[in-house]
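Written out below as structure tokens is the structure these notes cover.
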């Protein structure tokens, strides 16, 4: 008896048909990925879907706890503000050797919240905590008097503000002047309230995020209620069908509140927010100067404050977030000198980051006071980065605020504008290198002339010594060669050895935008800071360029292109425009090494046809292997069934 192959059953043919359809779909997706970009190329502010701002929070399911059960896992409530924890890394200046060697995949440490391995000469210290009452998230907590951060203003005072009215009475105006005075003096007072070794800049910059984070945690624990209104802020970044372009959309009465919103909280509990710090991103339209006069003043105290009043709208420009009173503004061009020269063009909209204090509910919108608003542009604040970021270290707590705020700035601004700035920075750098090279050639020629005058250089080559003319011609040839090379870099910017210049001259690039191109060998994802970045996932990419000699450029970004193959061993044709934050320390097999750390708001991926074919070949190989395995298993089952039939004893009783 010959046992042949049984025909494919119907379900196997359907399986093969599904596999063919799936392969065709995958080919279409991978081919279309090459033309994708993750930023809208229209203007400085692209569409706002999937982007974080301070007026929204990460989507988290709300779960009320009962006395019999503990709080949700991961929703812990810290007893002390994170901004007062300053773990600074110091170094004696010793430098470890650097080798062009691929980092060991089992020993390197990504940019996550784990304790970093530092060079032997680095130290870390943690200041003793100053405890706050542990019952912030419990029912009955008095939000009107209990201080939460170092930026709180006179929480023990009863403010006479009438929330919901769009004007200021005489009594309210005097109280507003007191609040302004207290807010302006607050930063100068915090050093006396903190240990000497705590970084006051870190404490101050991060304090503005603290109150919103505390309120959010209380809401998640069910100890804070929010009331839906006819106009309610909603989360524009939740995974809902379609695109939501505003941070405030109309919701009907009684709509279930699924996510915490600081805008809705300020509308529901305005008395809890008076004198509290808040952080907002939006478009500021100045409307004119207003003056606020104090009822009484002490000696040397200012009695009148001149403020620029205007409206703060969402970055989409659709909804009004707040009424804003600002003293001055600062932009990336003039970072050391805040300006009061507000634009006079009617309807001018300035994208800004606001760190201010809640005053009262002005109609349906909060009135916010701030000393300085920061203009948000595609150009990073390089002066801030150079002042507050220490290179040749891992990310310290003192650098966390500028780290996360730079990420947001790059995420909400246009990739097209960032690339233009990066190109201008590169061309400026090439011109500077050319100028330095020409100056060096001039100095070399002067040295030769000096040696000639003193008789140390012979007129002709003799005795193994080169003459003045020979050495001068060599300098001229080298100058001409380098000038032609720099001209080629200007005409074809992609040929400029970006990584080499970053690695050798990081001080010239720190805080500047730069574009790097290459392939990615590793993608890791971890949550960003809960307070400063609302816990939004951050992606860490290790990118290698043609001239990097196996030393990675560490990229951190909150956004990846759609269908980006994070699980692949190698992802080619990746282009990143980001800000060089510092030279980052990572662990290799034997010691600590350095790599450029770039913060990027967007990543471009244009896979080559060969890469697409390689991915398709891998998919086909998997399908073929599955088909062969299934056929072998089916044949084995058929043989076993036939062998069992042959081994059975005949029973003819059924035929008798």
Of the conditions (1) assigned by TED's automatic domain parsing to the domain that holds residue 202; (2) in contact with a strand residue (DSSP E or B) (Cβ under 7 Å, 6 or more places away or on another chain); (3) in a loop (DSSP other than H, G, I, E, B), the single one that residue 345 does not satisfy is (2)
For the range 292-311, check the following and say yes or no: at least one residue is within 25 Å of residue 222 (Cβ to Cβ), in contact with a helix residue (DSSP H, G or I) (Cβ under 8 Å, 6 or more places away or on another chain) and at pLDDT 90 or above.
no
Per the filter on the range 523-552, residues over 29 Å from residue 424 (Cβ atoms), buried (at least 17 other Cβ atoms within 10 Å of the Cβ) and without any contact (Cβ under 8 Å) to a residue 60 or more places away in the chain are 523
State whether the residues of the range 419-430 include one that is over 47 Å from the mean Cα position of the chain (by Cα) and assigned to a helix (DSSP H, G or I).
no
Take residue 564 and decide whether it is over 20 Å from residue 399 (Cβ atoms) and under 19 Å from the mean Cα position of the chain (by Cα).
yes
Any chance residue 423 is surrounded by fewer than 19 Cβ atoms within 10 Å (Cβ to Cβ) and either over 30 Å from residue 274 (Cα atoms) or free of Cβ contacts under 8 Å to residues at least 24 places away in the same chain (or both):
yes
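Looking only at residues that are surrounded by fewer than 20 Cβ atoms within 10 Å (Cβ to Cβ) and modelled with pLDDT of 95 or more in the range 312-329, which one is farthest from residue 179 (Cα to Cα)? Please lay out each step first, then the result.
Narrowing the range 312-329 to residues surrounded by fewer than 20 Cβ atoms within 10 Å (Cβ to Cβ): 316-320, 327-328.
From the residues that got through so far, the ones that are modelled with pLDDT of 95 or more too are 327-328.
On the way: 327: 14, 328: 17 Å.
In this case the residue turns out to be 328.
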From the list 531, 515, pick out the single residue that is assigned by TED's automatic domain parsing to the domain that holds residue 584, at pLDDT below 95 and not in a helix (DSSP H, G or I).
531
Does residue 578 fit the bill of being outside any strand (DSSP E or B) and under 24 Å from residue 388 (Cβ atoms)?
no
Could you tell me which numbered condition residue 450 fails, if it satisfies all but one of (1) over 47 Å from the mean Cα position of the chain (by Cα); (2) surrounded by 12 or more Cβ atoms within 10 Å (Cβ to Cβ); (3) in a helix (DSSP H, G or I)?
(2)
Residues (buried (at least 23 other Cβ atoms within 10 Å of the Cβ) and either at pLDDT below 95 or not in a loop (DSSP other than H, G, I, E, B) (or both)) located in the range 370-384:
370, 373
Give me the residue from the range 258-301 that is free of Cβ contacts under 8 Å to residues at least 60 places away in the same chain and under 30 Å from the mean Cα position of the chain (by Cα) and, out of that set, surrounded by the most Cβ atoms within 10 Å (Cβ to Cβ).
265
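The values are calculated or read from the model by the stated rules, or taken from the named source; none is laboratory data. Quantities reported herein were computed from a predicted structural model and do not represent experimental measurements. Note that each Cβ is placed from the backbone with ideal geometry, even for glycine, and that neighbours are counted across all protein chains shown.
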